[in-house]
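Contents: one structure, followed by commentary.
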Amino acid sequence: MRLIDDAERRARLARRHALAPGHRVGTVAEGIRSVVALHATEPATPYLSLHARIDGFARAAYEEELWERRSHAKQLAMRRTMFVFPRALLGAALGAPSSRVAAQEHAKVVKDAEAGGIAPDGPAWMETARAAVLERLAGGAELGAAELRETVPELAGRVTLFEGKKYGGDMHLAPRVLTWLGARGDLVRARNAGHWRVNRNLWARGDEWFGAPIAPLDPQQGYAALLREYLRAFGPATETDVVWWFGATKSAMRAALRDVAAVEVELERGQTGWVLPDDVDPVPPVEPWAALLPALDPTPMGWKERDFYLDRAFAPEIYDRAGNAGTTAWWDGRIVGAYIQDDAGDVGLVLRPGTPVAARRALAKEAQRLGEWLDGERVNSLYKSPITLRDT
C-alpha cells in the first residue's frame, strides 16, 4: 500500500476544501461541493463556511442558490444533522441517511402520540397529518411551523416529555411531524423568514418547490453515491471516520466502500485509509496558509480520527464531549486555536501557546477579513470551543 503521510493529508485538505489562498473558489456551488455539503445546524454556519472559501463572498449569492435557483437545499441527514446539499445529491441523501433518520423520527413520534393519548393508532394519525399538511401547502404555499399548527387541525396535540427535567414539559407534536416529513422529502425547508443569523425556515412541498419529486435512491446506491463524494473531498479516511461521518452501520459502509471500489492506503500511526481508485497519486504540498472556520464547519467535523491535523492533547480545547467543534483557527493544515467576537463585533484570536509569529500574523489578517465582512454583526453559537471559555 502507498503511504499517504500526515503532510500530504494536510495538503489535500488545503486544496480540496478550498481553504488555502490560491485554492479558494469563486462560486457558492464550488464552495459547497468542496466539502460535499455544508453543516447547517446553526443558521450562520453556511455563510461563514462559504466566506472562508470564497474571496468576495456575498450572502445574497448563497440565498439565491437556495431560494431562487433552488440548486441546493437544507436536509436532515447524516447523524440527524442539518446539511445544505447540492440538488444532485438529494436523492442519495433521501434514500440513505435521511431515510434512516425518518424511520427513527416516525417511531419516536408514534410512541409519544400513543402514550400521550393523542391517538390510539399512532401510524394512522401521522398519515392523516401528513396528508393534511401536504394539502395545506398545495399550490406553492410557504408556511411556518406555527401557522401550520394553527391551521391544520390534524397536527393538533401536545404531550408531556422529559417530566421532571428543566427542559421538559408539554410540547407540541406538530414540529416533530414536520421534521419527519422533511426527512422523508415530502417537505423542504424553503425561505428563511428571519435574519441570516436566525433559523425561521418556512415549509413548502418538496415536489412543488423543485418542480417534481426528488426520487430517493436505493439505500445502498445512496450510501455509495455519498461516499464517493466524501472520499473525493475527505480521503484518505479510515473506516472509523466513514462510519462516524455517515452515522451508519459498519456493514452499510463496508458495502459502500466495495461499491465505489475504494483503495486501501497506509497512513501514519499504523492506520489504514481509503481513497477512490483514481486518487492514489501524490498531491504536492502548498504554501503555509491561515483560515478561520465557524462552529461546526465541515472541515473540522469531517473526520473522527483527527491526529493528522490536531494535537491530541489540544483536542479538548476545540471539541466538546460529543465531538462538536466550535470556531477554529488553522495554520498550515493544523488547528492552533479559535476565534471570538467581542461586544463590538470585532474578531479576536485565542491561540495555543507556542503558535509561531508567522501564524499569528497570518491569522490576524484573516480575523480582519472576517471582521470587515461581518461589519459589526455578532454571531452567537451554542457550540463553543472550550479554549474560548477559559480565562486566556
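The values are calculated or read from the model by the stated rules, or taken from the named source; none is laboratory data. All values derive from a computational prediction rather than experimental measurement. Positions of Cβ are backbone-derived with ideal geometry, glycine not excepted, and every protein chain shown enters the neighbour counts.
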Among the residues of region 77-95, is there at least one that is part of a helix (DSSP H, G or I) and closer than 30 Å to residue 270 by Cα?
yes
Tell me which residues, restricted to region 113-124, are buried (at least 16 other Cβ atoms within 10 Å of the Cβ) and in a loop (DSSP other than H, G, I, E, B).
116, 118, 119
Mind listing just one residue for me: the one in region 271-296 that is charged (D, E, K, R) and within 16 Å of residue 17 (Cβ to Cβ) and, of those, surrounded by the fewest Cβ atoms within 10 Å (Cβ to Cβ)?
287
Give the residues of region 1-12 that are touching a strand residue (DSSP E or B) at 6+ places or on another chain (Cβ under 9 Å) and either polar (S, T, N, Q) or part of a helix (DSSP H, G or I) (or both), sorted by residue number.
9, 10
Taking the conditions exactly as written (outside any strand (DSSP E or B) and among the aromatic types (Phe, Trp, Tyr)), does residue 383 satisfy them or not?
yes
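Residue 247 - would you say it is in contact (Cβ under 8 Å) with a residue 40 or more places away in the chain, buried (at least 20 other Cβ atoms within 10 Å of the Cβ) and either of a type outside the set (D, E, K, R) or touching a helix residue (DSSP H, G or I) at 6+ places or on another chain (Cβ under 6 Å) (or both)?
On the way: in contact (Cβ under 8 Å) with a residue 40 or more places away in the chain: yes; buried (at least 20 other Cβ atoms within 10 Å of the Cβ): no; either of a type outside the set (D, E, K, R) or touching a helix residue (DSSP H, G or I) at 6+ places or on another chain (Cβ under 6 Å) (or both): yes.
Spelling it out, it is not the case that residue 247 is in contact (Cβ under 8 Å) with a residue 40 or more places away in the chain, buried (at least 20 other Cβ atoms within 10 Å of the Cβ) and either of a type outside the set (D, E, K, R) or touching a helix residue (DSSP H, G or I) at 6+ places or on another chain (Cβ under 6 Å) (or both).
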Quick check, is residue 79 under 22 Å from residue 245 (Cα atoms), touching a residue at least 24 places away in the same chain (Cβ under 8 Å) and surrounded by fewer than 23 Cβ atoms within 10 Å (Cβ to Cβ)?
yes
Take residue 28 and decide whether it is surrounded by 23 or more Cβ atoms within 10 Å (Cβ to Cβ) and touching a His at 6+ places or on another chain (Cβ under 6 Å).
no
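Residue by residue, here is whether (1) surrounded by 20 or more Cβ atoms within 10 Å (Cβ to Cβ); (2) farther than 13 Å from residue 385 by Cα holds:
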| site | (1), (2) |
| --- | --- |
| 308 | yes, yes |
| 319 | yes, no |
| 332 | yes, yes |
| 339 | yes, no |
| 345 | no, yes |
Please find, within region 283-298, the residue that is farthest from residue 49 (Cα to Cα) out of those that are part of a loop (DSSP other than H, G, I, E, B) and hydrophobic (A, V, I, L, M, F, W, C).
283
Output the residue which, of all residues in region 31-60 that are of a type in the set (D, E, K, R) and in a helix (DSSP H, G or I), is surrounded by the fewest Cβ atoms within 10 Å (Cβ to Cβ).
59
If you go through region 320-330 one residue at a time, do you hit one that is basic (Lys, Arg), in contact (Cβ under 8 Å) with a residue 12 or more places away in the chain and over 19 Å from residue 35 (Cβ atoms)?
no
Taking region 170-211, which residues are among the charged types (D, E, K, R), in contact (Cβ under 8 Å) with a residue 60 or more places away in the chain and out of contact with any helix residue (DSSP H, G or I) (no Cβ under 8 Å at 6 or more places or on another chain)?
197, 208
Scan 84, 101 and give me the residue that is touching a Pro at 6+ places or on another chain (Cβ under 8 Å) and in contact (Cβ under 8 Å) with a residue 12 or more places away in the chain.
84
Which of (1) in a loop (DSSP other than H, G, I, E, B); (2) farther than 19 Å from residue 327 by Cα is the odd one out, the single condition residue 20 does not satisfy?
(2)
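Residues checked against (1) surrounded by fewer than 19 Cβ atoms within 10 Å (Cβ to Cβ); (2) of a type outside the set (S, T, N, Q); (3) within 30 Å of residue 32 (Cβ to Cβ):
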residue	(1), (2), (3)
63	yes, yes, yes
83	no, yes, yes
126	no, yes, no
132	yes, yes, no
Meets criteria (surrounded by 12 or more Cβ atoms within 10 Å (Cβ to Cβ) and either touching a strand residue (DSSP E or B) at 6+ places or on another chain (Cβ under 9 Å) or not in a helix (DSSP H, G or I) (or both)) for residue 102:
yes
Could you pull out the residue among 18, 40 that is modelled with pLDDT of 95 or more, within 21 Å of residue 309 (Cα to Cα) and among the aliphatic types (A, V, I, L, M)?
18
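Are any of the residues in region 349-371 under 22 Å from the mean Cα position of the chain (by Cα), modelled with pLDDT of 95 or more and under 20 Å from residue 31 (Cα atoms)? Write out each step before concluding.
Going through region 349-371, the residues under 22 Å from the mean Cα position of the chain (by Cα) turn out to be 370.
From what's left, modelled with pLDDT of 95 or more: 370.
Within this subset, residues satisfying the condition of being under 20 Å from residue 31 (Cα atoms) are 370.
Yes, region 349-371 has at least one match.
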